[in-house]
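Asker: Dropping the structure in here first, questions after.
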Amino acid sequence: MKITRTDFDQAIEHSGLTPEQGAVLWRHMEASRPDVPFTAINVLFYAGALIVIAAMTLYVGQSWETFSGLAIAGIGLLYGAVFLIAGDLLIRRASMHVPGGLCVTVALAMVPMIVYGVQLEAGLWPDVEPGEYGDFTRYIKGGWFAMEVATLAVGAGLLRAYRFPFLVFVMGVVLWFMSMDIAPLLVEERADYFEIRRMVSMVFGIPVLIVAYWADLSFRRDYAFWLYLFGMLAFWGGLSLSDAETELARLLYCLLNVALIALSVFLRRRVFMVFGVMGVMGYLGYLAFRLFEDSPWFPFALSGLGILVLLAGYAALKNRERLTGWAEAAIPPGLRGLRPDRA
């Protein structure tokens, strides 16, 4: 439940407590709250951090290859050290936890650059494969594996030291990259290479989701969100790219996505709902196309399907309380202990 200060003050007024007592209670709630509200000021902090990360990863061009490996590693170390020191100083101040944590996150994002520079300087980087540092976020290559492992190791240490959930964002991105890069590391390219990559991605996503669930159960702070997101990208992406040749396989795919929707209700995580709905809609779209193939009525059938979905959403909104109560009551008592406390 999200409570604004206005809602809280109105509740205090109706409860008979004095404004002074309400102020004390509000300060206690703020101090005990694990996650800082996502305010407009915090949006600026996040935007600035993401711009720096993008500048040093996504938008590093071929001109950087004029630098030596030592220079690239030095730039990464300089950026990393400056942001880590700034983050450490800021995070010690209660009101600066968010900008401090974001500075630490920027420092973590420099690790791939540092590892690349060290490998290049030491002569451990191949001339042809996997490519240049600027290709790290663009191409799937097994040679990125050392950079990814180093980033995860440093990220785990920083997460333990600073306990800032957004650090998991960088680690989640790296895990997603790793799910794609691990296939070239295991097997050489061949005729069924795409299928192998798809299977590896799908299988890799499962332990990531398990770790996310463990984090969801174990911590009050939300360390699980990004792991759920990138775990689902790896698992659901690999699953959805499968070449289902039979109607039974396609139906099973739809039912699995329905199960993801149910899992979303159980875990109180919208990410499963989003992917599950996309999967179900993809299957329904396939059925509409199959039934009305080469028919002028196909656009009408597809738009009618969209209207039905809108009506279903409207009905769900009107009966939200009843549906929520039914869903809560449908969960067996024995399973409720397995449910993360997201209330």
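The values are calculated or read from the model by the stated rules, or taken from the named source; none is laboratory data. These numbers come from a predicted model, not from an experiment. Glycine also receives a Cβ, built like all others from the backbone with ideal geometry; neighbour counts cover every protein chain displayed.
Asker: What single numbered condition from (1) basic (Lys, Arg); (2) surrounded by fewer than 18 Cβ atoms within 10 Å (Cβ to Cβ); (3) under 24 Å from residue 211 (Cα atoms) fails to hold for residue 290?
Answerer: (3)
Asker: Please pick out the residue among 261, 196 that is in contact with a helix residue (DSSP H, G or I) (Cβ under 8 Å, 6 or more places away or on another chain), modelled with pLDDT under 90 and more than 24 Å from residue 173 (Cβ to Cβ). I'd like the intermediate steps shown before the answer.
Answerer: Numbers: 196 fails: more than 24 Å from residue 173 (Cβ to Cβ).
Sole residue among the options that is in contact with a helix residue (DSSP H, G or I) (Cβ under 8 Å, 6 or more places away or on another chain), modelled with pLDDT under 90 and more than 24 Å from residue 173 (Cβ to Cβ): 261.
Asker: Can you pull out the residues in region 272-286 that are buried (at least 16 other Cβ atoms within 10 Å of the Cβ) and either in contact with a Lys or Arg (Cβ under 9 Å, 6 or more places away or on another chain) or farther than 16 Å from residue 240 by Cα (or both)?
Answerer: Scanning region 272-286 gives a single hit, 283.
Asker: Sticking with this structure for a sec: Go through 316, 262, 249 for me and flag whichever is assigned to a helix (DSSP H, G or I) and more than 23 Å from residue 232 (Cα to Cα).
Answerer: Numbers: 262 fails: more than 23 Å from residue 232 (Cα to Cα); 249 fails: more than 23 Å from residue 232 (Cα to Cα).
Of the residues listed, the single one that is assigned to a helix (DSSP H, G or I) and more than 23 Å from residue 232 (Cα to Cα) is 316.
Asker: Which of the residues spanning region 78-128 are buried (at least 16 other Cβ atoms within 10 Å of the Cβ) and more than 26 Å from the chain's Cα centre (by Cα)?
Answerer: Scanning region 78-128 gives 117, 118, 119, 120, 121, 125.
Asker: Hey, which of the helices (runs of 4 or more DSSP H) in region 19-138, taking only ones fully inside, have at least 2 residues that are closer than 25 Å to residue 157 by Cβ and at pLDDT 80 or above?
Answerer: Values: elements: 19-32, 40-55, 69-91, 97-109, 111-121.
Where helices (runs of 4 or more DSSP H) fall fully within region 19-138 and carry at least 2 residues being closer than 25 Å to residue 157 by Cβ and at pLDDT 80 or above, they are 40-55, 69-91, 97-109, 111-121.
Asker: Suppose we filter 304, 325 for residues that are of a type in the set (Gly, Ala, Ser) and farther than 17 Å from residue 262 by Cβ; which single one remains?
Answerer: Values: 325 fails: farther than 17 Å from residue 262 by Cβ.
Result: 304 is the single residue among 304, 325 that is of a type in the set (Gly, Ala, Ser) and farther than 17 Å from residue 262 by Cβ.
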